[in-house]
1. Are there any strands (runs of 3 or more DSSP E) wholly within the range A:159-212 with 1 or more residues that are surrounded by fewer than 20 Cβ atoms within 10 Å (Cβ to Cβ), and if so which?
2. Mind checking whether some residue in the range A:73-89 is among the hydroxyl-bearing types (S, T, Y) and either within 16 Å of ligand 2 (Cβ to nearest atom) or over 23 Å from A:N6 (Cα atoms) (or both)?
3. Within the range A:3-13, restricting attention to residues that are more than 9 Å from ligand 1 (Cβ to nearest atom) and surrounded by fewer than 13 Cβ atoms within 10 Å (Cβ to Cβ), which residue is farthest from A:H207 (Cα to Cα)?
4. Quick one: how many residues across the range A:14-25 are open to solvent by less than 90 Å² (accessible area, probe 1.4 Å) and more than 16 Å from ligand 2 (Cβ to nearest atom)?
5. Go through the range B:59-68 and give me each residue that's assigned to a loop (DSSP other than H, G, I, E, B) and without any contact (Cβ under 8 Å) to a residue 40 or more places away in the chain.
6. Looking only at residues in the range A:31-58 that are more than 16 Å from ligand 2 (Cβ to nearest atom) and open to solvent by 10 Å² or more (accessible area, probe 1.4 Å), which one is farthest from the other protein chains (Cβ to nearest Cβ)?
7. Among the numbered criteria (1) away from every other protein chain (no Cβ under 14 Å); (2) within 12 Å of ligand 1 (Cβ to nearest atom), which single criterion is violated by A:G20?
8. Please work out if A:E100 is more than 14 Å from ligand 2 (Cβ to nearest atom) and touching a residue at least 24 places away in the same chain (Cβ under 8 Å).
Amino acid sequence: MLAVRNLEVVYDDVILVLRGVSLEVPEGKIVALLGANGAGKTTLLRAISGLLGVHEGEVTKGSITLDDEPIHRSNAARIVARGIKQVQEGRQIFAELTVEENLRVGAHTNIKHLKENLARVYGLFPVLRDRRKRTAGYLSGGEQQMLAMGRALMSDPSYLLLDEPSLGLAPLLVQQIRDLIVQINEQGTTVLLVEQNATMALSIAEHGYVMENGKIVMDKPARELLADEDIREFYLGLGAEGAVKSFRDVKHYKRRKRWLS
Amino acid sequence: MTTFLQAVAGGLGQGSVYALLALGFVIIYKSMRVVSFAQPAFMLAGALAVSFLAEALLGIPSPWGFFLALVLGAVGVALLGLGIERTVIRPMVGKPVFVIAIITLGIDIVVRLVANIFIGLDVRPVGDPWGLNSINLGGVQVQERHIVMLVTTVLLVAVLFSFFKYSRLGLAMRAASFNQETALAQGISVGTVFATSWAMAGALAAVAGTFQATGAGIDQNLWIIGLKALPAIILGGLDSLGGAVIGGFTVGLVESLVATYQGDFAPWLGQNFSVVSAYVVMLLVLLVRPYGLFGTKEVERV
Ligand SMILES: Nc1ncnc2c1ncn2[C@@H]1O[C@H](COP(=O)(O)OP(=O)(O)O)[C@@H](O)[C@H]1O
Ligand SMILES: [Mg+2]
């Protein structure tokens, strides 16, 4: 089990972004982490995968454990070697490399099983096999998301952390990505799914967390969260904030609206 | 025609030195986004190491003793580069690029000062078996050493390109160069990438320095040739390995052709114009393509 307890994260020594976050990802499950833009979801994933340092961030309190062993002081390479792999927000494929080179980079920590893992990834994403000699930068958005997920799977991780995989994709593609996540999970990979598309995430997750301003404000089985009228109403932006005041608020409102659509 | 071919042969031979040097600059630049000014010193240190090793290996039949000395010298300078990266450069990672560039300049000066002690004021032979001998290839006089330099460089470039295309570490280096955070997320150790790039640049500079010293020998000013790699990388683009090779050979060819023909066609430019000709071509290219012929547009210059 991957467990986050009472985690505090600070950027640039002063900006407190996570304020005592606790969360559990039991083996074999899909867990959803929801929340509006800026809530701290990406920061939590960075903390788990050891990528805070790149952003001048630091864990100042609390712990992250993998099967009861602390990992929040380990570096990224070590954490990947322990079987936790993150797919970053915005895909972040190596655009200059070919599709297959991207996948081989994903196999960096598990070069021994390159063949099997490549076969598995091409099985999950046949389109990547068709495009394997293509420069990755020329793939469509959906294909890039698949490449990013496939690249992560190339080391055969036990835990996959997905940061907004549906972002910017057409509804049909969102469906496809959703089904693929289920398939990956059925093949034995535990998934922590960060999403703004709450309906999509909760439809496949066992359990859901809602994060706001660096805190977990709700922690329930996914089914209950989906049915929770308070949540729907609050995240639709129709709560206490009142009337729309500025363009920024409008944007914010729209974003929240999309969040549950 | 013979004159022309002779100039081309000489240009390709000399261009090999520039290409090897430029590759080292580009490899470090791609991994750390820093132009390392320590390359000229590595070049000098390499030539010096090879000269001592070649002396020690005189028992081995020519030219194999010299080639063995070259390999050992390159490995030695690679280790030197590795050590310097680990102890001096790594602690500076995250500091402004400008600061790191200045530190590499300091490394260059220190390494050269130490090397100069061993060189002394005389010219030291590097121990190559070719000297300035030429052979006649279909009527064209070509220096033997230029043939060796060109062939070795072509082989090295082929090995290097396969390394970056097929090997696990080579791919990791390309990935880290493109996006460091995402490379980290794949479990790549960026420290290993930095260290490897310094070792490779050191080895390439050592070979370049040794080649430069064939024929004329090593003196304290050998490192100045290292500055010729700058027009080469700027021609090719700071972040392009292929560009470094083409840039290096272009500089060699331009110099050689200008040296051969300028006296006939443009004597008013004065003698020795060929020495600066590479810089003139570099300026002309920069006017048209500020990021070099093969470089990436966004790349900033240091
Ligand atoms: N590198 C950083 N330095 C300082 N603040 C940051 C940094 N990255 C994110 N933040 C801040 O942390 C908060 C949470 O960001 P993030 O984790 O990206 O949220 P989410 O992924 O939920 O949108 C935001 O207020 C954001 O501005
Ligand atoms: Mg985010």
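The values are calculated or read from the model by the stated rules, or taken from the named source; none is laboratory data. Quick caveat: nothing in here was measured; it's all calculated off a predicted structure. Backbone-built Cβ (ideal geometry, glycine too); neighbour counts: all protein chains shown. Accessible surface areas use protein heavy atoms only, side chains included; no ligands, DNA or RNA. Shrake-Rupley method; radii C 1.70, N 1.55, O 1.52, S 1.80 Å.
1. Of the strands (runs of 3 or more DSSP E) lying wholly inside the range A:159-212, those with at least 1 residues that are surrounded by fewer than 20 Cβ atoms within 10 Å (Cβ to Cβ) span A:207-212.
2. First, the residues of the range A:73-89 that are among the hydroxyl-bearing types (S, T, Y): A:74.
Filter again for either within 16 Å of ligand 2 (Cβ to nearest atom) or over 23 Å from A:N6 (Cα atoms) (or both), leaving none.
Within the range A:73-89 (the criterion being among the hydroxyl-bearing types (S, T, Y) and either within 16 Å of ligand 2 (Cβ to nearest atom) or over 23 Å from A:N6 (Cα atoms) (or both)), the answer is no, since none of the residues qualifies.
3. If we take residues in the range A:3-13 being more than 9 Å from ligand 1 (Cβ to nearest atom) and surrounded by fewer than 13 Cβ atoms within 10 Å (Cβ to Cβ), then A:D13 is farthest from A:H207 (Cα to Cα).
4. 5
5. Of everything in the range B:59-68, those that are assigned to a loop (DSSP other than H, G, I, E, B) and without any contact (Cβ under 8 Å) to a residue 40 or more places away in the chain turn out to be B:G59, B:I60, B:P61.
6. Just the residues of the range A:31-58 that are more than 16 Å from ligand 2 (Cβ to nearest atom), to begin with: A:31, A:50, A:53, A:56, A:58.
Still in the running and open to solvent by 10 Å² or more (accessible area, probe 1.4 Å): A:50, A:53, A:56, A:58.
Working: A:G50: 8, A:G53: 9, A:E56: 9, A:E58: 14 Å.
Applying the filter and picking the extreme gives A:E58.
7. Checking A:G20 against (1) away from every other protein chain (no Cβ under 14 Å); (2) within 12 Å of ligand 1 (Cβ to nearest atom), the one that fails is (2).
8. Yes; evaluated as a whole, the condition is true for this residue.
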